[in-house]
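*Asks:* Got a structure here, written out as structure tokens. Questions coming.
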Amino acid sequence: MTQRSEQAAALKSILQLNREPVGVKFLTTEDYGKLHDSYDDTTKTRYCQALMRAGQGAKIVITDGNISCPASAAAFGLKPLPEVLRSGQMLLNMGLFASLDAGKKAMEGMTRLEQGAYQAVLLSPLKDIEVEPDVVVLESKPEHLMWTSLASIYTTGERLHYSTAVFQATCVDATVIPFVKGIVNSTLGCYGCRDATNINDTEGLTGFPYRFLEDILNNLVSLSQKAMPVARSKKAYQVFHPEQVQESPQTH
């Protein structure tokens, strides 16, 4: 097994993930030309849909030619932001904000890559990504994201400050912000990904720089030795509400 396949396997095992952890790499034209694996770079797709597919095992490259979401295209610097989005009008039309000003403010607060800095975005299951990713994205249950977040501060105790406008959750919140700001960022999802992908009502997302992964994994191992199994056993809940807990069969 390669290092990244071992890392992915460890993440899945400790956290009990159902989806594959996804590695994301921002590519220049020169980087793109050096790839060896086979990628889907023709299917018209939103970024959230590509992330969904990568979590199911697909390898995808997004360019200005196949990205179908103007908001994520602008977030990655692949295309300019259309005026209907910049003004907040589209968000108002979608019923996401109460006024044009609120929609405009939400768009003004988005973290974006510089236009033209990268020409493509590669998404692959972490287990078999051929390049070192910039960001790792987990799309999973809040409990899984909780342990991941705790593992990121296990040795420091610092507070985490998540950034979201509850719009562009997969592209900006879980990918661009971790890459640009070098932080762990979690998000509840948004209108777009919940409409366009199979993310369910009990899932959210966390993204973090790949360089954090080794420490996060080491700390998850430590958490899995005591804190995690105790919390998952719900013994305190059973004491508090014994009448709501089915009696376990006796073992001999």
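FYI, it's all coordinate maths here, none of it is from the lab. These figures come from a predicted structure and were not determined experimentally. Cβ atoms come from the backbone with ideal geometry, glycine included; neighbour counts cover every protein chain shown.
*Asks:* Taking only C-alpha pairs under 8 Å that are 6+ residues apart, what is the relative contact order of the chain in percent? Each step should come with its number before you reach the end.
*Replies:* Working: 441 pairs, mean separation 58.2, N = 252.
Averaging sequence separation for qualifying contacts and normalising by length gives 23 percent for the chain.
*Asks:* By its C-alpha gyration tensor, with a ≥ b ≥ c as the square roots of the eigenvalues, how is the stretch 47-164 shaped: rounded for a/c under 1.5, else prolate for a/b larger than b/c, else oblate? Each step should come with its number before you reach the end.
*Replies:* Working: a/c = 2.00, a/b = 1.25, b/c = 1.60.
Since a/c reaches 1.5 but b/c is at least a/b, the shape of the stretch 47-164 is classed as oblate.
*Asks:* What angle, in degrees between 0 and 90 and rounded to the nearest 10, separates the Cα long axis of helix 213-225 from the longest principal axis of the Cα atoms of the chain?
*Replies:* 20
*Asks:* Report which label in (i) 34, 23, 16; (ii) 41, 18, 16; (iii) 29, 20, 17 holds the value of semi-axes √(5λ) of the Cα gyration tensor in Å derived from the coordinates of this structure.
*Replies:* (i)
*Asks:* For the chain, with a Gaussian network of springs between Cα atoms less than 10 Å apart, report the residue from 174, 231, 58 with the top mean-square fluctuation.
*Replies:* Residue with maximal mean-square fluctuation among 174, 231, 58: 231.
*Asks:* Which order, highest average first, do 102-109, 159-166 follow once you tally other Cβ atoms within 10 Å for each residue and take the mean per peptide? Working shown, then result.
*Replies:* Values: 102-109: 16.4, 159-166: 13.6.
For the peptides 102-109, 159-166, the packing ranking is 102-109, 159-166.
*Asks:* Test of understanding: in a Gaussian network model of the chain with alpha carbons linked when under 10 Å, which of 148, 45, 206 would top the mean-square fluctuation ranking?
*Replies:* Ranking 148, 45, 206 by mean-square fluctuation puts 45 first.
*Asks:* Right, another one. If the label point is 7 Å along Cα→Cβ of residue 237, which residues in the stretch 136-151 have backbone nitrogen under 16 Å from it?
*Replies:* Those under the cut-off are 141-147.
*Asks:* Also: Please list the three semi-axes, largest first and in whole Å, of the ellipsoid equivalent to the stretch 1-51, using sqrt of 5 times the eigenvalues of its alpha carbon gyration tensor.
*Replies:* On the way: eigenvalues 125, 53, 16 Å².
Computed over the stretch 1-51, the values are 25, 16, 9 Å.
*Asks:* Where in the stretch 106-138 does the amide nitrogen come within less than 19 Å of the point 7 Å from the Cα of residue 93, taken along Cα to Cβ?
*Replies:* 106-108
*Asks:* Are there any GluC sites (Glu not before Pro) in the stretch 128-179 that are in a DSSP loop and have at most 10 other Cβ atoms within 10 Å? List them by number. Walk me through the numbers on the way to the answer.
*Replies:* Details: sites: 130, 139, 143, 158; in loops: 130, 158.
Those that pass, being in a loop and sparsely packed, are 158.
*Asks:* Could you list, by residue number, the cysteines of the chain that have no other cysteine's beta carbon within less than 4.7 Å of their beta carbon?
*Replies:* When partners are defined as cysteine Cβ atoms under 4.7 Å apart, the chain leaves 69, 171, 190 without one.
*Asks:* May I pose another question? Let me have the relative contact order for the stretch 1-89, percent, based on Cα pairs under 8 Å that are six or more residues apart.
*Replies:* Numbers: 66 pairs, mean separation 18.9, N = 89.
Averaging sequence separation for qualifying contacts and normalising by length gives 21 percent for the stretch 1-89.
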